[in-house]
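To keep things clear, I will list the structure first and then write my remarks on it.
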Amino acid sequence: MKKHRVAACAAVLCLLLSGCSGLSLNGPDILTPPNAEGDQAEIQQLIRNSVGKSYEMVYPEKGEYKSSVIFKDLTGDGVDEGVAMYTPDSESVRILIAGKDGDSYRLITEGAVPSPRLERVEFADLYGDGTSEVIVSCKGSAAEFQTIAILSSDGKTAQKDYVNACADHLIGDMDSNGRDDLLTLALADGENLPTARLFTADDGELSEIASCEIASDTREYVNLLYGKISSETVGAVIDARDLDGNYSTQIICYDYNAPGLVNPLYVGSSYNKTKRASAIASADIDRDDIIEIPLCNKMDFSSNEDSASVCDRIDWCSYNYAQLALVTKQSAILCDRLGFILNLAPEHADIVTARYTGENSMSVYLWEYKGSTPERTTKLMTIKRYDRSGFDENSVPEAIAGRNSAYVYTYVIDSQEGFYGYTDDEVTNNFVILEGPSAG
């Protein structure tokens with residue numbers, strides 16, 4: 001049995017997800033939620049004292065925090081503050097910050113956004129003083145616009161309205177000065193091209209310090225990540241959908257030599273290399289704390305073949321900022337129709353190809369030269385997909401590669417001969433089920 005050389009990355013490989021669940025309100029007759037207990041009950045009492053009437057708790061639709069009451073140490077003193085979101089009128093969301101005063105809570109500050117639905121709640125140290133501001137976002141006057149409000153835990157409320165200027169945003173220390181920044185991402189509005197703008201906080205206000213263009217065909221931002229784009233450079237990795245429905249990736253980072261924001265893939269037209277029909281998201285696929293970008297292309301095929309049956313190959317690339325180049329770190333077979341990825345060991349990466357061989361099956365073949373012409377030769381393996389509801393493990397001769405709530409995936413190793421043959425471990429350890437709209 002061959003030594004396994006490529007780790008599966010099931011936790012971080014995923015399809016981009018679109019859409020979100022809406023907040024269901026009860027129209028004009030807002031109902032007071034059931035009484036809570038402990039700290040949450042005290043927070044609700046502060047809300048009652050504030051509104052003096054019925055209200056409904058509001059739950060963020062996206063992001064890490066999806067509770068209507070969040071307890072977090074905002075001031076760095078080891079004691080959690082309470083952050084609550086609610087609506088008294090189905091027209092706006094109020095955000096309340098409360099702090100511990102002995103054994104009870106007292107109101108610190110309140111703010112509001114002009115929407116009955118809340119997209120995300122985030123926390124950031126905008127001033128670099130060890131305390132966290134509360135950043136809330138919601139949809140603005142149109143679907144492509146976003147309103148952002150910032151509340152400070154010291155009672156100073158800094159609110160900034162980005163309606164008509166921002167479709168999405170990221171938070172992170174873009175210029176590496178020890179303070180979180182706000183990066184807003186706009187779409188084209190008829191007069192201006194899609195633009196990234198970097199804001200920093202100063203005396204309770206946000207000031208724009210840099211900007212750069214985003215690809216002009218960007219229609220929607222679908223996956224935003226902040227982190228390392230190389231061993232020495234941090235930035236924003238933006239997966240977006242274009243006007244043709246394809247996906248691409250751009251990088252926004254701060255260049256001290258400029259100084260200012262740069263979009264190096266777009267400036268050099270390299271982002272065209274990242275264009276892909278499949279909704280595969282950028283991710284840290286090898287868990288080295290550096291974000292990888294997927295390049296998707298057809299696997300090798302001959303001129304007399306129908307390319308519709310050819311599977312795609314993903315090359316996961318890191319960005320070398322010094323060389324201004326994308327560098328492949330790992331490759332995989334993408335079986336988009338059946339909703340899975342098969343990571344490739346180094347010895348397989350450049351000498352295999354794959355085909356859809358039926359409505360619910362895919363086969364992997366050796367791609368080798370016969371004389372001076374490369375062609376598909378030995379079939380190495382076949383993977384099939386079955387509906388889980390009717391699957392009987394005892395009725396099929398194949399081994400199990402993986403399963404989720406909808407499907408069971410099986411495999412048969414057709415050839416174990418030679419150095420390029422597969423083993424059971426090389427299939428099961430490198431098999432990743434995609435979760436999302438294309439995975440079924």
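Here are a few things to note about the model shown:
- P(r) of region 161-265 over all Cα-Cα pairs, binned every 5 Å from zero, in whole percent: 2, 12, 25, 26, 19, 11, 4, 1, 0
- Prolate/oblate/rounded call for region 282-440, Cα gyration tensor, a/c under 1.5 rounded: oblate
- Measuring against 22 Å, Cα to Cα, the residue pairs Lys72/Lys100; Lys228/Lys329; Lys275/Lys379 contain Lys275/Lys379 as the ones spanning a longer distance.
- Accessible surface of Lys100 - all protein chains present, 1.4 Å probe, nearest 10 Å²: 70 Å²
- Rough spin-label spacing in nm, given labels placed 7 Å along Cα→Cβ, for Glu205 and Ser361: 6.9 nm
- The portion of the accessible surface of the chain made up by carbon and sulfur, rounded to a whole percent, is 44 (1.4 Å probe; DNA, RNA and ligands excluded).
- The figure for Ile209 is an accessible area of roughly 80 square angstrom, using a 1.4 Å probe on the protein chains alone.
- Whole-angstrom gap from region 71-116 to region 220-265, using each part's C-alpha centre: 33 Å
- Reciprocal of mean inverse Cα separation for the chain (Kirkwood radius, Å): 24.5 Å
- With K and R counted +1 and D and E -1, the other residues having a Cβ less than 13 Å from that of Met174 yield a net charge of -3.
- Using a probe of 1.4 Å on the protein chains alone, the accessible area found for Arg117 is around 100 Å².
- Aspartates and glutamates with Cα under 13 Å of Lys139, excluding same-chain neighbours fewer than 8 positions away: Glu61, Glu91, Glu119, Asp161, Asp168
- Once the Cβ-Cβ distance of Ser395 and Asn304 is raised to the sixth power relative to R0 = 22 Å, the FRET efficiency obtained is 0.05.
- Electrostatic dipole magnitude of the chain [Cβ: Lys, Arg +1; Asp, Glu -1; Cα centre; debye, to 20]: 1200 debye
- For the pair Asp255 and Arg287 in one chain, pulling the backbone fully straight at 0.36 nm per residue adds 9.0 nm over the alpha carbon distance.
- Protein-only accessible surface order, largest first, of Leu187, Leu342 at 1.4 Å: Leu187, Leu342
- Short-range pairs are left out: with C-alpha atoms under 8 Å and at least six residues apart, the relative contact order of region 65-144 is 23 percent.
- Nearest 10 degrees, 0 to 90: helix 38-51 Cα axis against the chain principal axis: 60 degrees
- Computed [θ] at 222 nm, helices only, for the chain once each DSSP H run of length n ≥ 4 contributes -39500 (n - 2.57): -1500 deg cm²/dmol
The values are calculated or read from the model by the stated rules, or taken from the named source; none is laboratory data. From a predicted model like this one, the values you see are computed outputs, not experimental measurements. Positions of Cβ are generated from backbone atoms using ideal geometry, with glycine treated the same way; all protein chains shown enter the neighbour counts. Accessible surface areas use protein heavy atoms only, side chains included; no ligands, DNA or RNA. Shrake-Rupley method; radii C 1.70, N 1.55, O 1.52, S 1.80 Å.
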